[in-house]
């Protein structure tokens with residue numbers, strides 16, 4: 001039996017959500033790929049209580065894309081070290097490493113600022 005690739009698992013997650021979260025996760029995925037054409041898609045942290053998490057990496061994790069009932073959480077692994085002039089980070093603000101963006105159903109994401117944040121994360125990873 002063939003093991004699905006990470007990109008296939010991410011596509012399946014997007015398809016199975018079947019609501020506004022699908023559109024958000026799909027759009028975020030596209031923005032990440034636009035910001036970093038060399039991004040690597042991964043599928044991590046599979047366990048009995050969790051089917052896994054989409055992860056985008058480039059010489060280290062850029063961010064993860066988790067979906068919850070009322071929001072999509074984009075966690076930047078080294079977010080505390082990134083400048084965020086557009087104030088996209090709105091969750092996990094207390095930590096020394098991570099920062100997250102929680103997107104709720106009617107939220108609008110500043111796509112230009114998000115892509116700049118992705119590029120900054122890649123720059124940090126590749127130093």
Condition test on residue 125, is it surrounded by fewer than 17 Cβ atoms within 10 Å (Cβ to Cβ) and touching a strand residue (DSSP E or B) at 6+ places or on another chain (Cβ under 8 Å)? yes
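Quick grid of which residues meet (1) part of a loop (DSSP other than H, G, I, E, B); (2) at pLDDT below 95; (3) out of contact with any strand residue (DSSP E or B) (no Cβ under 9 Å at 6 or more places or on another chain):
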site	(1), (2), (3)
64	no, no, no
84	yes, no, no
95	yes, yes, yes
116	no, no, yes
Complete set of residues in the range 20-53 that are closer than 21 Å to residue 105 by Cβ and at pLDDT below 95: 53
Can you tell me which of (1) touching a residue at least 60 places away in the same chain (Cβ under 8 Å); (2) not in a loop (DSSP other than H, G, I, E, B) is the one residue 112 doesn't meet? (1)
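The rows are residues; the columns are (1) within 19 Å of residue 124 (Cβ to Cβ); (2) in contact (Cβ under 8 Å) with a residue 12 or more places away in the chain.
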| site | (1), (2) |
| --- | --- |
| 16 | no, no |
| 24 | no, yes |
| 27 | no, yes |
| 31 | yes, yes |
| 36 | yes, yes |
| 39 | yes, yes |
| 71 | no, yes |
| 80 | yes, yes |
Yes or no: residue 60 surrounded by fewer than 17 Cβ atoms within 10 Å (Cβ to Cβ) and touching a helix residue (DSSP H, G or I) at 6+ places or on another chain (Cβ under 7 Å)? yes
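The values are calculated or read from the model by the stated rules, or taken from the named source; none is laboratory data. All of these numbers come straight from a predicted model, not from anything done at the bench. So basically every Cβ, Gly included, is an ideal-geometry build from the backbone, and we count neighbours across all protein chains shown.
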